Amino acid sequence: MRMDLAVENKEKIENEEEEDETIAQAEAKEQEIPKTIDPELEEMYKAGVHYGYTRGKRHPKMAEFIFGAKNNVEIFDLDKTREKLNEAADFTRKLGAENKQILVVGTKPSIKHLAEKYAKEADLPYFANRWIGGFLTNFVTLRKRMDYFAEIKIKKESSDYKNITSKKERIKIEKEFARLEKLFAGVTTIKELPSALLIIDSKEENTAVREAKRKKIPVIAVLNTDCDLEDADYQIPANDAAPASVEYLLSKLTKAYLEGKKSQKV
């Protein structure tokens, strides 16, 4: 009986050694196979494009773009995000080729400097401080206010302004100029309704979304997990709060727009 037990233990040890050897060989073989890394997805991952909000904030219509969750934070499926980003980029490229204006809207404190930066890079109008209610639905009236702002700006730069001796009048002009500049500084180039809106966070910019729908203006939007897909015609499900993520997305969209503009000259 003791001999049988010894033989059994010997066979067990030999089997375990063979199993360990098989695992080691498999691991060694796996290391020899080069792992394919998608550079674009890796770049999106490093920018934090995949981070959503907590599960409790999720809008029901965003479920199809969620890959999973980590520490209760939902994670976007970057393959799907890339697909939607490319669709939006194709649209901005088309608008650029047709010399159409896109109005960029991003007023959240963490990302508004990026909305301004990339709008200026593509020579596009923008709202980075706050949306002016009625800008689209009451455009004719507000266009007059923008013209008035342009007049004050010209007046300030003229020699006549420098010759104004009344301190009270100068202060009045300065205050009015500062107020209008905060409102209209990014949109003075708009002479007619834009051909599309590019919105960072449709939930935050819900007034702009509603006005665009009323005027039947297409909306391109970066949508986090708490947003409604129906807010945009071209949806980009992604992190709309982190500056690195927003910068990545805006850089892709403005690059496509500029490519379209460049194609006009070819």
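The values are calculated or read from the model by the stated rules, or taken from the named source; none is laboratory data. Note that the structure is a prediction, hence the values are computed from the model and not measured. A quick note on method: Cβ atoms are made from the backbone with ideal geometry, for glycine too, and the neighbour counts reach across all protein chains shown.
Only residues that are surrounded by 15 or more Cβ atoms within 10 Å (Cβ to Cβ) and assigned to a helix (DSSP H, G or I): list them for the range 121-152, please.
Phe139, Leu142, Arg143, Met146, Phe149, Ile152
Within the range 41-70, take every residue that is more than 17 Å from Glu83 (Cα to Cα) and in a helix (DSSP H, G or I) and give me the one that is nearest to the chain's Cα centre (by Cα).
Lys46
Taking the range 82-104 as the region of interest, how many residues are in contact with a Phe, Trp or Tyr (Cβ under 7 Å, 6 or more places away or on another chain) and part of a helix (DSSP H, G or I)?
Of the residues in the range 82-104, 7 are in contact with a Phe, Trp or Tyr (Cβ under 7 Å, 6 or more places away or on another chain) and part of a helix (DSSP H, G or I).
Given the options Ala208, Ala221, Ala185, Ala196, name the one that is small (Gly, Ala, Ser), at pLDDT below 95 and either touching a helix residue (DSSP H, G or I) at 6+ places or on another chain (Cβ under 9 Å) or within 25 Å of Ala244 (Cβ to Cβ) (or both).
None of the others qualify; the one that does is Ala185.
Pull up the range 201-234, narrow it to residues that are of a type in the set (A, V, I, L, M) and in a helix (DSSP H, G or I), then point me to the one that is nearest to Asn129 (Cα to Cα).
Ala208
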